[in-house]
Amino acid sequence: MKRTLISELDNDHLGKTVTVEGWIHEIKRLKSVDFIMLRDKTGIVQVTVKKTETPIGIDLGSLTRESVMRVTGEFPEKQISKKMKEITASKIDLLNVAATPLPLPVAENIESDLETRLNNRFLDLRRHENYAIFHTKSNLLWGIRSFLHTHGFVEVNTPKIVASSTEGGADLFRVQYFEMDAYLNQSPQLYKEILISSGFERVFEVGPAFRAEKHNTTYHLNEFTSIDIEMGFSNHEDAMAMLEGSVKSGIENALSHAHNSGNYQLRMLEVPELPFPRVEYSKCLSMVQNAGGKIEFGEDFGPEHLRVIGEKYPGFYFITKWPSELRPFYTMVDPDDETLTNSFDLQFREREITSGAQRVHDPEMLRRRFVAKGLNPEDFQFYLNAFRYGMPPHAGWGLGLERLAMILLDLKNIRETSLFPRDRTRIVP
RNA sequence: GCCCCGAUAGUGUAGCGGCCUAUCAUACGGGCCUGUCGAGCCCGUGACAUGGGUUCAAAUCCCGUUCGGGGCGCCA
């Protein structure tokens, strides 16, 4: 018999025989009747087994929580259960038995340590509240994808195994590539720019980025999902417009498809209004200095500084016109003030989620910027070549998907938004 | 790389020199209960990360080790 998802049990099914499949959430055995709460991705249903009736095929005493089973029975017109839908079982197939006791509670409202949860992630993710994070993340990404698609972007995939570092400074994971040394790419930056030279006009990529920084915080991962775009014949203003549009579209989509199986409360941000405020770096600098923060022009804001700024701008906002010493070699300087750049970060309160800019498109300027940053242009020949034969002005950004998901769902630790997070000490599972 | 902090049953916790053959909740095993729905009641199993030291006495104090958490730096 065809399987029915628990969420599909509606008035149309009343009085009919249905088959549901899932995991045993909970078992309650009374003298004359047994109740089995059966859970699938979409919800929980109560399976009622009356002891007076004909045998249903299995020994109920052998059932354990989280075992997998198939139940066929009536979805009765008269629903006695007060809290959830109910099926009266006529046949139960035990498809697989779960060992006991469980290394992690699935049905209980007992919060386990993140460490314990991640060690048993397969079980942890059976909790609907955790599944909801990834359901939301998926819808967030789809919303962003569809926005970019409708604005003429083509989705591309660039190599993650590369010969040289993207920006020089950051630590990379080294890998052995046959007889050569290679690295895991920290960003698709150079490749997406090359594709602008190739005339793709507008590209975006969703893929992993690797950073070998030994950071130990609740908002860093060593492998994260980067959403990167690059657009030709465009400047930083165009890129910012595309970014705020993407974020809004992603959040709209996440909200309109919010997963709710009923046994938890999903909290989400409201759809933000556009445009996001644009605040220049110099203005942020004065704000921090006025609040007593010790910081000079040319220095990056620390967490305390960003908290000061975030109090003034509690939602999404851009910090623009960053000093050139804080930005990578490919960032275009401000034509009106060469100590500044046509760059921006997207912030949510004190959290940075995106970094972007108009890029340098003149090969000679790019060469000078390499040297100024202490990099050897010879190491980036494959990249520079793309600029020598007709590179349009262009701009783009890179957005940390896990950080955006974390903000959307108000989660305290970024590891919650990664199925199998890679941090300073974790590579398993 | 730097600075703080922590480790007690399957899970989450209390205890912080003798009252600890270690608390509570939940899970797990057994029993009771005419449909439960955060079910209830009774009984039971189950833990002081590890190696040293201090002390008459260590879960408790000190040191090392292992594992973990948080913050900073850096960034998405």
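Couple of notes before you dig in:
- One residue from A:Pro323, A:Pro303 being under 21 Å from A:Leu399 (Cβ atoms), within 14 Å of RNA strand B (Cβ to nearest atom) and not β-branched (Val, Ile, Thr): A:Pro303
- Flag for A:Phe318 being in a loop (DSSP other than H, G, I, E, B) and open to solvent by less than 70 Å² (accessible area, probe 1.4 Å): no
- Filter result for A:Glu223 (open to solvent by less than 10 Å² (accessible area, probe 1.4 Å) and either away from RNA strand B (no atom under 16 Å from the Cβ) or not hydrophobic (A, V, I, L, M, F, W, C) (or both)): no
- Filter result for A:Glu270 (over 25 Å from A:Thr331 (Cβ atoms), open to solvent by 70 Å² or more (accessible area, probe 1.4 Å) and not in a loop (DSSP other than H, G, I, E, B)): no
- Within region A:343-352, considering residues that are in contact with an Asp or Glu (Cβ under 9 Å, 6 or more places away or on another chain) and open to solvent by 10 Å² or more (accessible area, probe 1.4 Å), the one nearest to A:Pro272 (Cα to Cα): A:Arg349
- Hits in region A:203-240 (condition: out of contact with any helix residue (DSSP H, G or I) (no Cβ under 7 Å at 6 or more places or on another chain) and of a type in the set (A, V, I, L, M)): A:Ala209, A:Ala212, A:Ala239, A:Met240
- Identification of helices (runs of 4 or more DSSP H) wholly contained in region A:362-429 with 1 or more residues that are within 16 Å of RNA strand B (Cβ to nearest atom) and not charged (D, E, K, R) yields A:363-372, A:401-409.
- Complete set of residues in region A:236-255 that are over 17 Å from the mean Cα position of the chain (by Cα), open to solvent by 40 Å² or more (accessible area, probe 1.4 Å) and not aliphatic (A, V, I, L, M): A:Glu237, A:Asp238
- Whichever residue in region A:288-300 is in contact with a helix residue (DSSP H, G or I) (Cβ under 9 Å, 6 or more places away or on another chain) and under 21 Å from A:Ser324 (Cβ atoms) and, among such residues, is farthest from RNA strand B (Cβ to nearest atom): A:Phe297
- Residue match in region A:153-161 (condition: of a type in the set (A, V, I, L, M, F, W, C), open to solvent by 30 Å² or more (accessible area, probe 1.4 Å) and touching a Leu at 6+ places or on another chain (Cβ under 8 Å)): yes
- For region A:75-133, a residue qualifies if it is in contact with a Lys or Arg (Cβ under 6 Å, 6 or more places away or on another chain) and of a type outside the set (A, V, I, L, M, F, W, C), and the qualifying residues are A:Asp93, A:Asp124.
- Residues that are touching a strand residue (DSSP E or B) at 6+ places or on another chain (Cβ under 6 Å) and surrounded by fewer than 18 Cβ atoms within 10 Å (Cβ to Cβ) within region A:86-107 comprise A:Ser90, A:Lys91, A:Asp93, A:Leu94, A:Leu95, A:Asn96, listed in sequence order.
- Taking residues in region A:288-312 that are in the same structural domain as A:Thr339 (by TED's automatic domain parsing), and partners anywhere that are more than 13 Å from RNA strand B (Cβ to nearest atom) and of a type outside the set (A, V, I, L, M, F, W, C), the pairs with Cβ atoms closer than 7 Å and at least 6 places apart or on different chains are A:Ile295/A:Gln289.
The values are calculated or read from the model by the stated rules, or taken from the named source; none is laboratory data. In this text the structure is predicted, and so the values were computed from the model without any measurement. Ideal geometry is used to build each Cβ from the backbone, glycine not excepted, and the neighbour counts take in all protein chains shown. Quick note on the areas: whole protein, heavy atoms, side chains included, nothing else; ligands and nucleic acids left out. Shrake-Rupley method; radii C 1.70, N 1.55, O 1.52, S 1.80 Å.
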